[in-house]
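Okay, so here's the structure we're looking at.
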Amino acid sequence: KQGIPIEVEALYPLYDDSGTYTGSLDSYGRPHGDGEVFWRTLKWYKDRGYEDKGRKKYIGEFKHGNITGRGKILYVDDKTYEGQFLDGNFHGNGELILANGDKYSGEFRKGMMHGDGTLISSDYGTISGTWVNDQKHGEFSVVNPSEFTTVAKVTFIEDTCPELKDYKEVISSDVAAG
């Protein structure tokens with residue numbers, strides 16, 4: 001049952017901050033269907049109390065009070081995510097753009113990069129492969145335009161791997177040798 005389109009300003013339990021929601025509500029008064037929510041980001045400082053760090057905005061689908069479905073979230077620090085959500089987490093296909101311009105496009109699960117995806121980094125180039133709980137997993141294709149244009153195949157044996165900077169030299173030497 002689709003909710004009645006209505007504008008409401010209320011305390012919204014999103015990240016324990018108050019917010020303003022505009023959109024449809026279900027029969028229990030919870031956001032349901034298409035809507036928009038703005039909320040504050042508060043940070044607690046022991047010596048001076050709460051400091052308002054700015055506002056966030058989400059535009060998209062809600063299901064019985066939860067951010068679930070397709071949507072877009074804009075963060076205070078200029079980070080954005082557009083794609084699928086489940087219970088307030090990035091979940092399904094989406095694109096995350098960080099404030100520094102780095103971009104991950106691919107699959108997410110429970111708010112983490114999980115599944116096939118591509119990370120385009122200003123520092124490390126284009127990295128494509130499979131991710132498990134935000135960690136690179138298995139075989140990856142790496143292209144670093146500032147150092148080489150050949151695609152290197154990097155195989156990770158363990159479930160987690162070192163930071164990119166730790167294996168950057170290995171990638172370069174493998175390409176040079178091949």
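The values are calculated or read from the model by the stated rules, or taken from the named source; none is laboratory data. None of the values given here were measured: they were computed from a predicted structure. Cβ coordinates were reconstructed from backbone atoms using ideal geometry, including for glycine residues, and neighbour counts include every protein chain displayed.
Just a few scattered comments:
Conditions (1) over 25 Å from F90 (Cβ atoms); (2) modelled with pLDDT of 55 or more; (3) in contact with a Leu (Cβ under 9 Å, 6 or more places away or on another chain), marked per residue:
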position: S105; (1), (2), (3): no, yes, yes
position: T118; (1), (2), (3): no, yes, no
position: S128; (1), (2), (3): no, yes, yes
position: F148; (1), (2), (3): yes, yes, no
position: F156; (1), (2), (3): no, no, no
position: P162; (1), (2), (3): no, no, no
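- Comparison of G94, G101, G115, G106 shows that the only residue that is part of a strand (DSSP E or B), surrounded by fewer than 20 Cβ atoms within 10 Å (Cβ to Cβ) and without any contact (Cβ under 8 Å) to a residue 40 or more places away in the chain is G115.
- Strands (runs of 3 or more DSSP E) enclosed by region 1-86 - at least 2 residues per element that are charged (D, E, K, R), within 26 Å of M113 (Cα to Cα) and modelled with pLDDT of 70 or more: 31-45, 49-63, 66-74
- Test: residue in region 81-88 that is hydroxyl-bearing (S, T, Y) and surrounded by fewer than 16 Cβ atoms within 10 Å (Cβ to Cβ): no
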